Amino acid sequence: MSVLTIPAFGATELVDRDPARPGPGEVRVRVEAAPVHPADVWVHDGRLAALLPGTPPYTPGWGVAGVVDEVGPDVEDLAPGDAVLGLSDWFDTFVGTHASTVVLPARAVGRRPATLDAVAAAALSLNALTALQALDLIGLTSGTLGITGAAGGVGGYALELARLRGLDVVALARESDREFVERAGAHLAVRPADAADTAKALTAVAGRLDAVLDAALLVGPALAAVRNNGVLVAVTGPATPQAERGVRVETVHVVGNGTQLTELAGLAADGTLSTRVAATYPLVEAERAYRAVLAGGLRGAVVLVP
């Protein structure tokens, strides 16, 4: 099997290894597509070095779409030949998906319909699952939800999923993303290009948002937009604000969940969820893919295709 490794921060190397065998409760997936996320780039460039065990090499990669090619003992719901998508709980296991095969817990792998191709499914695997679990953590069944970064990877899926739940959504995004935001049924609060003025974009809705999903990690301005006794859920990051005014403040830590991934794949297959893909790269050109993600400004996933 081919495995992308980071032998030293800032470098990549494609190496050959014997494929790992799945143990009890595990499946091996032949990778057809694996997305690149900012966290992968930060592992590559060393920004997350303090969170990593030991020293390089590391293999990055969270999400995956492909086909099951072997199952371990005690796996009943998946079989070789099944088309799937899955998620590696990377910071718990450090098992990366930027490879030609990967072994994952069966609980973290879901089925995908034949009508949903691997590249599109890979775009869902981390971002849509994070959005779904963030909305579950918020727990809003009615009312108005604010979403920062509402046209980005997590925020875009959160917007579509929130509308499916019948929530009114105020989406913080740039003017250039107006068409996407309004097509999804949200009200657009324009985010200025100057991040220092972001709070001004939330002034009009401050105090009337029942909850905010802070996908853009705005922190303080996002908290200020939540009504008293509301909810703020941040996607990740060290700067989660302290609770105030009775606002419940939490951070979502995404966990691979095959049942939820199967649900998301079905929604994407029938067109309910968008699967935005900005670019694909062969695994051997992973550094180009990392640079594309690092440059930012993309609307859609960057996906590696072994």
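Can you pull out every residue in region 43-60 that is among the hydroxyl-bearing types (Ser, Thr, Tyr) and either assigned to a loop (DSSP other than H, G, I, E, B) or without any contact (Cβ under 8 Å) to a residue 40 or more places away in the chain (or both)? Residues satisfying the conditions are THR55, THR59. Within region 89-126, the set of residues being part of a loop (DSSP other than H, G, I, E, B) and β-branched (Val, Ile, Thr) comprises VAL95, THR97, THR115.
Would you confirm, using the coordinates I've provided, whether ALA39 is closer than 28 Å to SER274 by Cβ and either at pLDDT 95 or above or of a type in the set (A, V, I, L, M) (or both)? Criteria met by ALA39.
If the condition is being out of contact with any Leu (no Cβ under 6 Å at 6 or more places or on another chain), closer than 25 Å to ALA39 by Cα and part of a strand (DSSP E or B), then region 61-86 contributes VAL64, GLY66, VAL67, VAL84.
Any residue that is under 30 Å from GLY266 (Cα atoms) and of a type outside the set (Lys, Arg) - is there at least one of those in region 41-57? Scanning region 41-57, I find at least one residue that is under 30 Å from GLY266 (Cα atoms) and of a type outside the set (Lys, Arg), so the answer is yes.
Would you point out the residue of region 20-68, among those that are small (Gly, Ala, Ser) and crowded, with 18+ Cβ neighbours inside 10 Å, that is farthest from VAL102 (Cα to Cα)?
Among residues in region 20-68 that are small (Gly, Ala, Ser) and crowded, with 18+ Cβ neighbours inside 10 Å, the one farthest from VAL102 (Cα to Cα) is ALA39.
Inspect region 250-263 for any residue being hydroxyl-bearing (Ser, Thr, Tyr) and farther than 30 Å from GLY10 by Cα and give the result as yes or no. Yes, some residue in region 250-263 is hydroxyl-bearing (Ser, Thr, Tyr) and farther than 30 Å from GLY10 by Cα. Within region 284-306, if we keep just the residues that are touching a Leu at 6+ places or on another chain (Cβ under 7 Å) and crowded, with 20+ Cβ neighbours inside 10 Å, the residue that is farthest from ALA173 (Cα to Cα) turns out to be PRO306. With the structure loaded, tell me whether ASP210 is surrounded by fewer than 20 Cβ atoms within 10 Å (Cβ to Cβ) and modelled with pLDDT of 80 or more or whether it fails that test. Answer is yes for this residue.
When SER176, SER88, SER100, SER125 are checked against the criterion of being closer than 20 Å to VAL31 by Cβ and surrounded by fewer than 23 Cβ atoms within 10 Å (Cβ to Cβ), a single residue qualifies: SER100. Take the conditions touching a Gly at 6+ places or on another chain (Cβ under 8 Å), touching a residue at least 40 places away in the same chain (Cβ under 8 Å) and over 16 Å from GLY258 (Cα atoms) and apply them to GLY146. Does it pass? No, not satisfied.
The rows are residues; the columns are (1) modelled with pLDDT of 95 or more; (2) among the hydroxyl-bearing types (Ser, Thr, Tyr); (3) more than 18 Å from LEU145 (Cα to Cα); (4) surrounded by fewer than 17 Cβ atoms within 10 Å (Cβ to Cβ).
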position	(1), (2), (3), (4)
LEU218	no, no, no, no
VAL226	no, no, no, no
GLY237	no, no, yes, yes
THR240	no, yes, yes, no
HIS253	no, no, yes, yes
LEU267	yes, no, yes, no
ALA278	no, no, yes, yes
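Here is a check on your reading of the model: is GLY256 more than 21 Å from LEU129 (Cβ to Cβ), assigned to a loop (DSSP other than H, G, I, E, B) and not acidic (Asp, Glu)? No; evaluated as a whole, the condition is false for this residue.
Taking the listed residues LEU137, LEU145, LEU159, the one that is surrounded by fewer than 19 Cβ atoms within 10 Å (Cβ to Cβ), in the same structural domain as GLY185 (by TED's automatic domain parsing), among the hydrophobic types (A, V, I, L, M, F, W, C) and out of contact with any Cys (no Cβ under 6 Å at 6 or more places or on another chain) is LEU137, with no other qualifying.
The values are calculated or read from the model by the stated rules, or taken from the named source; none is laboratory data. Predicted model only: the values in this text are computed from it and were never measured. Neighbour counts run over all protein chains shown; Cβ positions are idealised from the backbone, glycine included.
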